[in-house]
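Below is one structure, written out as structure tokens; the observations come after it.
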Amino acid sequence: QVQLVESGGGLVQAGGSLRLSCAASGSIFSINTMGWYRQAPGKQRELVAAITRSGNTDYSDSVKGRFTISRDNAKNTVYLQMSKLKPEDTAVYCCNAELREGWINLPADYWGQGTQVTVSS
């Protein structure tokens, strides 16, 4: 059984920084794209950043220049370094991974349980 476990959320003042981590564990053959999504109260879930296995990245326009996504393939872990945080960054941040449990399996999406990030003004 595959699990994605996030850590690193919390309360921070505007202008501050936080680093989120998400570790995938279980029966994993390979991981393709990993990413971070967020959902604020009353809003739809949105992609924050994503990174391919080879390191290509994609960012939401709202976080470009402030957030950095990275991953450690050996540890099946993805990180999100968040800087210059704004109150509008407040949301539940969820980790996503497109992975294969076995060489015969097709890739499938897996999600973490989410971690709360609150930015005070």
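Near Val12, once Lys and Arg are set to +1 and Asp and Glu to -1 for all other residues with Cβ below 12 Å from its Cβ, the sum equals +2. Within segment 38-107, report the chymotrypsin sites (Phe, Trp or Tyr not before Pro) that DSSP leaves as loop and that have at most 14 other Cβ atoms within 10 Å. Answer by residue number: Trp103. Computed from the Cβ-Cβ distance with R0 of 25 Å, the FRET efficiency linking Ser121 to Ser83 stands at 0.90.
Out of Leu11, Leu80, Leu106, any idea which swings most in a Gaussian network model of the chain, alpha carbons joined below 10 Å? Checking each option, the largest mean-square fluctuation is seen for Leu106. For the pair Gln113 and Gln44, the difference between a 0.36 nm per residue extended length and the Cα-Cα distance amounts to 23.2 nm.
Note: relative contact order over the chain, using C-alpha pairs below 8 Å and six or more positions apart, is 36 percent. Expressed to the nearest 5 percent, the antiparallel share of DSSP beta bridges inside the chain is 90 percent.
Summing charges over all other residues whose Cβ lies under 13 Å from the Cβ of Tyr110, with Lys and Arg as +1 and Asp and Glu as -1, gives -3. For Ser30, the residues whose amide H sits under 5 Å from its own are Arg100, ignoring neighbours fewer than 5 places away on the same chain, with H placed 1.01 Å from N. For the chain, the carbon plus sulfur part of the accessible surface works out to 47%, probe radius 1.4 Å. On a per residue basis, the chain carries 54 Å² of accessible surface, using protein heavy atoms and a 1.4 Å probe.
Within the chain, Cys94 have no other Cys Cβ under 4.7 Å of their Cβ and so lack a disulfide-compatible partner by this rule. Taking each residue as 0.36 nm, the span from Ser17 to Ser30 lengthens on full extension beyond its C-alpha to C-alpha distance by 1.6 nm. Distant-in-sequence amide contacts of Val2, defined by a placed amide H-H separation under 5 Å and a gap of 5 or more residues or a different chain, comprise Ser27. Between Ala24, Ala74, Ala40, the Gaussian network model of the chain with springs among Cα atoms under 10 angstrom shows the greatest mean-square fluctuation at Ala74.
Sites counted here are trypsin sites (Lys or Arg not before Pro) in a DSSP loop (not H, G, I, E or B) having no more than 16 other Cβ atoms within 10 Å; the longest part of the chain that contains none of them is 1-42.
Taking the chain as a Gaussian network of alpha-carbon nodes connected by springs under 10 Å, the highest mean-square fluctuation of the residues Ala108, Ala50, Ala97 belongs to Ala108.
The values are calculated or read from the model by the stated rules, or taken from the named source; none is laboratory data. Here the structure is a predicted model, which means the values were calculated and not measured. All Cβ positions, glycine included, derive from the backbone under ideal geometry; neighbour counts span all protein chains shown. For the accessible areas, the whole protein counts, side chains as well, though only heavy atoms, and no ligand, DNA or RNA atoms are used. Shrake-Rupley method; radii C 1.70, N 1.55, O 1.52, S 1.80 Å.
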